[in-house]
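Worksheet for the structure shown next.
The values are calculated or read from the model by the stated rules, or taken from the named source; none is laboratory data. Here the structure is a predicted model, which means the values were calculated and not measured. As a convention, Cβ positions derive from the backbone with ideal geometry for all residues, glycine included, and neighbour counts pool all protein chains shown. Just so you know, the surface numbers come from the protein's heavy atoms only, side chains and all, with ligands and any DNA or RNA stripped out. Shrake-Rupley method; radii C 1.70, N 1.55, O 1.52, S 1.80 Å.
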Amino acid sequence: STVFTARSESIVHGLAGFFDAELYPGVELSICPATHTPDMHSWFPMYFPIQRPLTVDAGAEISVHMWRRSSGAKTWYEWCIDTSDSSGIHNVNGHEFWIGQ
């Protein structure tokens, strides 16, 4: 889980997932737009949509909860966004999106 503070009044439709990693000193791997590793084609950003957009006031806290789940050959993510309202948990049991068979 992590918490963000809204800079302005907004409508949240989902989350974009990126990563930036230092594998060891001087060796970095990134799919963040500002620091994307050149010529890397094996990792991609991921979009985590929510079913009902959430209205967020400027200065409001946005809590993001994510879980990586697996069962047999299937792996998936579940996510929830909490503000003064909650998006509810999405992709329960990998119902909509999963990796594997």
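Quick grid of which residues meet (1) on the phi > 0 side of the Ramachandran plot; (2) open to solvent by 40 Å² or more (accessible area, probe 1.4 Å); (3) touching a residue at least 40 places away in the same chain (Cβ under 8 Å):
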| site | (1), (2), (3) |
| --- | --- |
| SER8 | no, yes, yes |
| ILE31 | no, no, no |
| TRP43 | no, yes, no |
| TYR47 | no, yes, no |
| THR55 | no, yes, yes |
| GLY59 | yes, yes, yes |
| SER71 | no, yes, no |
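For HIS65, the conditions (1) of a type outside the set (S, T, N, Q); (2) farther than 17 Å from THR5 by Cβ; (3) modelled with pLDDT of 95 or more are fulfilled apart from (2). Number of residues in the range 68-101 that are β-branched (Val, Ile, Thr) and closer than 15 Å to THR2 by Cα equals 2.
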